[in-house]
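First up is the structure itself, then whatever we jot down about it.
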Amino acid sequence: MRHSLPLAPQFYVTAPQPCPYLPGRMERKLFTALQGDYAETLNNALSKQGFRRSQNVLYRPSCAECMACLSARIRVADFKPGRSQRRTLSRNADLTRRATSPWATEDQFALFRDYLDSRHADGGMADMDIFEFAAMVEETPIRSRVIEYSRPPETRGDRGALTAVCLTDVLDDGLSMVYSFYQPGLERRSLGTYVILDHIAIAREAGLPYVYLGYWVPGSPKMAYKSKFGSLEIYKNGRWIDLGDPAAHSGTAHPLSIDPIAEQVAKISLPDTMAPPQKR
């Protein structure tokens with residue numbers, strides 16, 4: 001009888017560097033390459049275990065003295081928008097959604113630069129040029145889409161009608177919001193919240209159970225908005241649990257309570273190569 005071995009990607013860890021979310025802390029990431037015929041199978045499997053995609057890499061925080069970054073996802077079937085979120089949907093009812101292949105455009109890059117200069121001028125992406133932006137959008141070995149949101153011509157701004165953009169991966173159990181950005185100066189629209197709400201609608205229409213939001217970080221004001229979504233789950237201690245009371249979660253941890261890298265890798269569940277790659 002012929003047997004096939006599980007996928008065996010190589011895992012690596014980055015050197016420590018300053019944490020972008022919590023001052024005074026250092027971060028490091030566990031990562032592996034995402035490539036080959038089984039890239040989509042691997043991405044599906046590791047996304048369910050708290051990993052995120054960045055171009056051709058899958059990564060998960062693996063800090064030596066901190067466990068603050070918790071992968072978060074919304075259960076689509078159970079989600080009901082709150083009063084504030086319903087107002088956000090109403091304020092953005094004039095936006096038109098367009099889903100395209102992962103192809104970068106000059107309009108997207110102009111919006112991206114406006115967004116970074118306004119909100120993340122000192123962040124890690126601040127110096128990205130159009131070629132690096134194109135790589136972020138286009139270098140994907142899996143099923144990805146660019147979701148664009150545009151205003152009608154009569155309300156267009158200096159940059160034209162393009163108002164918000166989200167690079168989105170289509171997983172076998174949901175949508176993963178890889179990166180989103182939007183026009184600054186439109187705070188009343190709450191565009192970041194709206195893009196998430198619309199992804200919940202897209203997932204519901206497609207029969208997908210989850211929308212993956214990336215990492216929620218207790219104690220980080222930048223990430224506080226994610227805890228305002230109902231039916232939110234976090235990946236903690238190797239399993240998905242309801243968020244519950246956000247105040248009940250802390251990012252502090254004793255160094256001896258965190259598994260060594262080798263043990264973390266050993267606990268990762270890898271897919272079997274017998275499962276064929278998903279056809280697009």
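What list of ³J(HN,Hα) values in whole Hz, one per residue of the range 49-55 in order, does the Karplus curve 6.51 cos²θ - 1.76 cosθ + 1.60 (θ = phi - 60°) give from phi, with Gly and Pro shown as x?
Taking θ as phi minus 60°, the curve returns 10, x, 8, 10, 9, 9, 6 Hz for the range 49-55.
Where does helix 106-119 land angle-wise versus the long Cα axis of the chain, in degrees 0 to 90, nearest 10?
It is inclined by approximately 80 degrees.
Once you keep just the Cα pairs under 8 angstrom separated by 6 or more residues, what percentage relative contact order results for the range 73-248?
Dividing the mean separation by the residue count of the range 73-248 yields 28 percent.
How large is ³J(HN,Hα) for each residue in the range 184-201, as worked out from phi by the Karplus curve 6.51 cos²θ - 1.76 cosθ + 1.60 (θ = phi - 60°), to whole Hz, x for Gly and Pro?
x, x, 10, 4, 4, 6, 6, 5, x, 5, 4, 4, 5, 4, 5, 5, 4, 5
Check residue 57: other-chain or 5+ apart residues with amide H under 5 Å from its amide H, H built from backbone geometry?
Amide H neighbours of residue 57, under 5 Å, 5+ apart: 34.
For the range 187-250 and the range 22-37, compute the distance between their C-alpha centroids and round to whole Å.
20
Size of the dipole of the chain about the Cα centre, Lys and Arg at +1 and Asp and Glu at -1 on the beta carbon, nothing else charged, in debye to 20?
880
Which whole-Hz couplings ³J(HN,Hα) result when phi for each residue of the range 234-241 is put into the Karplus expression 6.51 cos²θ - 1.76 cosθ + 1.60, θ = phi - 60°, listed in order with x for Gly and Pro?
10, 9, 9, 6, x, 8, 8, 9
With a/c under 1.5 counting as rounded, go ahead and sort the range 65-202 into rounded, prolate or oblate using the C-alpha gyration tensor (a ≥ b ≥ c being the square roots of the eigenvalues; past the cut-off, prolate if a/b is larger than b/c, else oblate). Mind showing how you got there, number by number?
Values: a/c = 1.35, a/b = 1.04, b/c = 1.29.
Rounded shape, in that the Cα axes give a/c under 1.5.
Bear in mind that the values in this text are calculations on the coordinates, not laboratory data. Everything quoted here is computed from the prediction, not taken from an experiment. In this analysis, Cβ positions are derived from the backbone assuming ideal geometry, glycine residues included, and neighbour counts consider all displayed protein chains.
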